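Take a look at the structure below.
The values are calculated or read from the model by the stated rules, or taken from the named source; none is laboratory data. All values reported here derive from a predicted model rather than from experimental measurement. All Cβ positions, even for glycine, are placed from backbone atoms using ideal geometry, and neighbour counts span all protein chains on display. Protein only, heavy atoms only, side chains kept; ligands, DNA and RNA dropped before computing areas. Shrake-Rupley method; radii C 1.70, N 1.55, O 1.52, S 1.80 Å.
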Amino acid sequence: MSGVTDMPFRQLAWRYGAGLVVTEMVASRELVNSTSESWARLEAAGFRPHMVQLAGREAHWMAEAAKIAADHGADIIDINMGCPAKKVIGGYSGSALMRDPDHALQLIEATVKAVDVPVTLKMRLGWDENSLNAPDIAKRAEDAGVQLITIHGRTRMQFYEGRADWDAIRAVRDVISVPLVANGDVETVQDAKEILRRSGADAVMIGRGSQGRPWHVGAIAGAKAPASADIPSIVIEHYRMMIEFYGAAVAVRHARKHLGWYLDRFAPALPQDEKAAIMTARDQKEVVERLEHAFTSTAPNTRTQEAA
């Protein structure tokens, strides 16, 4: 998830039991042009396998970016054909590629041929309800050498509205033999069991459900979630990890969404003005002090939101 699954977030998710984590979406042409942001997103988090997700609209840039990623430690290359964001589809990347399967296959084939490491694919059910072409693209992608496919149970036009259609994912299962990963609206262990049953998938991917709780994927998989009393220290550690990774000036901005998710989940009774003060503070020491106070003052309302 762009802006979410950076190196500090992945390190925490891995520590708490996630079986596989994926980088933020890396724009292929920007990586080839060596922009600082793309290189930051490419960086490994100190564990294996290192899975790098690439996005793009041209086969050449995707292939060249895949080579760079593999040369710099990527164990798996994931092609993003699922992102619904206007900024991404406006550049004919992400889920926009599902509107032109022939072009998408050229991009997939070029990426597979460019590297020796496994290439995987993430996409949606289709562009809209009138073009549910995920099964066709998935089969063609498998024939082109893709070794794992992830399906989010919505079309692009649904964005994140309504509920993911777990049953519709089974149409992909029926036509491919490579591992299938199901994604969309998995919040609990029971959700995970149900999406696997209804989709026929081999594994589950969790995205937005991990926001504000990087340990949640591991908890779904059976690892022990942290106790309520430990959550404030994890939040502060996450903040400090971001400071170290980005530098204070950048990290203060990047951290705000994460802090907002943490506060919404585990300090919901915090007065709005106090939350705003945390979100807008520029001094890292002040942020830590306010966080400590926020979790202390709302201790009776904190909750682990266990995945059971």
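Data table
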{"read-out": "Residue count for the range 168-208, restricted to those that are touching a His at 6+ places or on another chain (Cβ under 9 Å), in a loop (DSSP other than H, G, I, E, B) and open to solvent by 40 Å² or more (accessible area, probe 1.4 Å)", "value": "1"}
{"read-out": "Hits in the range 22-72 (condition: open to solvent by 60 Å² or more (accessible area, probe 1.4 Å), free of Cβ contacts under 8 Å to residues at least 12 places away in the same chain and on the phi < 0 side of the Ramachandran plot)", "value": "Glu30, Asn33, Ser36, Glu37, Trp39, Asp71"}
{"read-out": "Among (1) more than 18 Å from Tyr16 (Cα to Cα); (2) in contact with an Asp or Glu (Cβ under 8 Å, 6 or more places away or on another chain) - the single one Arg256 does not satisfy", "value": "(2)"}
{"read-out": "Wholly within the range 218-286, helices (runs of 4 or more DSSP H) carrying at least 1 residues that are aromatic (Phe, Trp, Tyr) and open to solvent by less than 60 Å² (accessible area, probe 1.4 Å)", "value": "231-246, 248-266"}
{"read-out": "Qualifying residues in the range 132-156 (those that are open to solvent by 40 Å² or more (accessible area, probe 1.4 Å) and touching a helix residue (DSSP H, G or I) at 6+ places or on another chain (Cβ under 8 Å)) - the one farthest from Ala63 (Cα to Cα)", "value": "Leu132"}
{"read-out": "Condition broken by Lys67, with the remaining ones in (1) in a helix (DSSP H, G or I); (2) at pLDDT below 95; (3) charged (D, E, K, R) satisfied", "value": "(2)"}
{"read-out": "Some residue of the range 87-104 being buried (at least 21 other Cβ atoms within 10 Å of the Cβ), on the phi > 0 side of the Ramachandran plot, among the small types (Gly, Ala, Ser) and out of contact with any Gly (no Cβ under 6 Å at 6 or more places or on another chain)", "value": "yes"}
{"read-out": "Among the candidates Ser199, Ser228, Ser233, residue that is out of contact with any Gly (no Cβ under 6 Å at 6 or more places or on another chain), among the polar types (S, T, N, Q), touching a residue at least 24 places away in the same chain (Cβ under 8 Å) and farther than 30 Å from Gln147 by Cβ", "value": "Ser228"}
{"read-out": "Asp75 open to solvent by less than 50 Å² (accessible area, probe 1.4 Å), more than 19 Å from Val4 (Cα to Cα) and not hydroxyl-bearing (Ser, Thr, Tyr)", "value": "yes"}
